[in-house]
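Asks: Right, I'll just put the structure down here and ask away after.
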Amino acid sequence: ARQARAVVEADDLRQRGNEAYRRGDSAEAEAAYKQAIDALESCGIALVEPSHLTLRTNRAAALMALGRTREALRECEEVLRINPHNVRALSRAGNCCVKLGDLDAAKTHVDAICLAPGATAEDLKAAGDQNQKILVASVERDRLVGNDSYRRGDYDEALRWYDAALDAAKDVSETDAL
């Protein structure tokens with residue numbers, strides 16, 4: 001009976017969180033998702049069902065909107081520990097990694113979307129768009145590191161970074177971003 005009440009409470013909190021997120025109140029949304037997760041876990045319910053995992057990915061979105069990127073990534077990683085093919089968690093983890101500057105990890109997460117059995121055509125298109133953003137960020141990172149090397153007078157190192165930036169830029173479809 002206690003678990004049944006927790007499931008009903010968690011569903012109500014999820015709906016409140018969704019409404020708050022739609023209104024742009026990320027703090028209220030994050031709190032509602034966290035309360036829902038806590039309500040289920042406090043009754044010994046393992047969060048492995050798809051609807052439970054959605055609580056975590058929704059919380060990750062709210063955390064990202066609040067600028068709490070590392071916490072958001074931890075939520076995504078928890079989902080991926082249970083279901084490594086969860087497209088929403090892979091996408092959000094990719095976004096978190098980009099914000100944290102870990103472009104290799106971002107690419108790994110986004111590339112995994114293409115291998116996910118449940119990925120739709122829309123998911124694959126979004127993954128392609130995310131990969132383009134990662135490439136642009138990579139080009140910009142390599143350019144900036146090249147600039148730093150140039151300023152220090154390490155021209156060979158600068159040339160290596162500029163070459164890496166140019167090489168990555170070949171795969172960027174939206175060149176206006178560069």
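Asks: Any chance you could check the Cα centroid distance between the range 50-101 and the range 117-134 for me, in angstrom?
Replies: 16 Å
Asks: Which of rounded, prolate or oblate describes the range 30-93 when judged by the alpha-carbon gyration tensor and an a/c cut-off of 1.5? Spell out each step's value before the answer.
Replies: Working: a/c = 2.12, a/b = 1.16, b/c = 1.82.
Oblate, since a/c reaches 1.5 and b/c is not below a/b.
Asks: Quick check: at a probe of 1.4 Å, how many percent of the accessible area of the range 76-178 sits on carbon and sulfur atoms?
Replies: Values: 3250 of 6210 Å².
That fraction is 52 percent.
Asks: Compute the distance in nm between two label points, each set 7 Å from the Cα along the Cα-to-Cβ direction, one at ALA105 and one at ASN147.
Replies: My value for the distance between the label points is 2.5 nm.
Asks: Also, quick follow-up: For the range 1-63, state which trypsin sites (Lys or Arg not before Pro) are in a DSSP loop and have at most 11 other beta carbons lying within 10 Å of their beta carbon. Present the calculation step by step, with values, prior to reporting the outcome.
Replies: Values: sites: ARG2, ARG5, ARG14, ARG16, ARG22, ARG23, LYS34, ARG56, ARG59; in loops: none.
Answer by residue number: there is no such site.
Asks: Looking at [x] 0.95; [y] 1.00; [z] 1.10, which value of Rg/Rh (Cα atoms, Kirkwood Rh) comes from a calculation on the structure shown?
Replies: [z]
Asks: Among 93-99, 128-134, 155-161, what's the highest-first ranking by average C-beta atoms within 10 angstrom per residue?
Replies: Working: 93-99: 23.3, 128-134: 17.6, 155-161: 14.1.
The peptides rank, most packed first, as 93-99, 128-134, 155-161.
Asks: With every protein chain kept in place and ligands, DNA and RNA left out, what is the accessible area per residue of the chain? Probe 1.4 Å, answer in Å². Before the final figure, lay out each step's value.
Replies: Details: 10150 Å² over 178 residues.
Per residue, the chain has an accessible area of 57 Å².
Asks: List the aspartates and glutamates whose Cα lies under 18 Å from the Cα of LYS133, skipping any in the same chain that are fewer than 8 positions away.
Replies: Partners within reach: ASP102, ASP104, ASP111, GLU122, ASP123, ASP142, ASP167, ASP171, GLU174, ASP176.
Asks: Also: I'd like the Karplus ³J(HN,Hα) series for the range 85-99: coefficients 6.51, -1.76, 1.60, θ = phi - 60°, whole numbers in Hz, and an x wherever there's a Gly or Pro.
Replies: 10, 6, 4, 4, 5, 4, 5, 5, 5, x, 4, 4, 5, 4, 4
Asks: Under the 0.36 nm per residue contour assumption, what length would be gained going from the current alpha-carbon distance of LEU66 and ASP129 to full extension? Each step should come with its number before you reach the end.
Replies: On the way: separation 63, 0.36 × 63 = 22.68 nm, distance 2.33 nm.
In short, 20.3 nm is gained.
Asks: Okay, next question. Could you give each residue of the range 145-152 its phi-based ³J(HN,Hα) in whole Hz, using Karplus coefficients 6.51, -1.76, 1.60 with θ = phi - 60°, and x for Gly or Pro?
Replies: After applying 6.51 cos²θ - 1.76 cosθ + 1.60, I find 5, x, 4, 4, 4, 4, 4, 7 Hz.
Asks: Would you kindly work out the equivalent ellipsoid of the range 77-147 from its C-alpha gyration tensor and give its semi-axes, the square roots of five times the eigenvalues, largest first in whole Å?
Replies: Working: eigenvalues 112, 36, 10 Å².
Listed largest to smallest, the semi-axes of the range 77-147 are 24, 13, 7 Å.
The values are calculated or read from the model by the stated rules, or taken from the named source; none is laboratory data. Being a predicted model, the structure only gives us computed values, none of them experimental. Virtual Cβ from ideal backbone geometry, glycine too; neighbours counted across all protein chains shown. Note: accessible area is taken over every heavy atom of the protein model, side chains too, but ligands, DNA and RNA are not part of it. Shrake-Rupley method; radii C 1.70, N 1.55, O 1.52, S 1.80 Å.
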